[in-house]
Amino acid sequence: KVLAQTPGVVVKTGVKDVLGRPAVEISQWDAASANLTEVFESPATGATLQAVYISHPTTVSGQKEYSYGSDVYQSITRSNAIPPNPYH
């Protein structure tokens with residue numbers, strides 16, 4: 001709720017990340033650097049599912065090109081047992 005009221009931040013519910021998981025998208029456009037950041041979070045846990053970064057355009061041969069990056073996060077599980085050696 002706080003982020004949705006923050007100037008320059010857009011919150012979208014009912015979206016999905018790149019893997020198709022239900023998500024809440026939180027994005028911010030930084031006009032000073034012309035960078036867009038999007039974070040997709042699990043609506044159930046608040047865990048980060050994906051982060052997308054799009055940087056300001058540069059002009060190459062008369063065409064605008066953007067730098068794009070995306071990080072996808074998988075769930076992590078724990079175990080008290082040491083797994084079998086996969087190298088045997």
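The values are calculated or read from the model by the stated rules, or taken from the named source; none is laboratory data. Treat the numbers as computed from the prediction; the structure is a model and nothing was measured. Methodologically, a virtual Cβ is constructed for each residue, glycine included, from the backbone with ideal geometry; neighbour enumeration extends over all protein chains shown. Heavy atoms of the whole protein, side chains included, go into the accessibility calculation; ligands, DNA and RNA do not. Shrake-Rupley method; radii C 1.70, N 1.55, O 1.52, S 1.80 Å.
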Practice problem: Over the chain, average the accessible area per residue using a 1.4 Å probe and give it in Å², no decimals. | Solution: 79
Quiz item: Roughly how many debye, to the nearest 20, is the charge dipole of the chain about its Cα centre, given +1 on each Lys and Arg Cβ, -1 on each Asp and Glu Cβ, and no other charges?
Solution: 220
Practice problem: Mind checking which aspartates and glutamates have their Cα closer than 12 Å to the Cα of K12? Skip sequence neighbours fewer than 8 apart in that chain. | Solution: E25, E38, E41
Quiz item: Longest exposed-loop-site-free stretch of the chain, with trypsin sites (Lys or Arg not before Pro), DSSP loop and at most 14 other Cβ within 10 Å?
Solution: 2-77
Quiz item: Which of the chymotrypsin sites (Phe, Trp or Tyr not before Pro) across the chain are loop residues per DSSP, with 11 or fewer other Cβ within 10 Å?
Solution: Y87
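Taking all protein chains in place and a 1.4 Å probe, what share, in percent, of the accessible surface of the stretch 1-70 do carbon and sulfur account for?
57
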Self-check item: Prolate/oblate/rounded label for the chain (Cα gyration tensor, a/c 1.5)
Solution: oblate
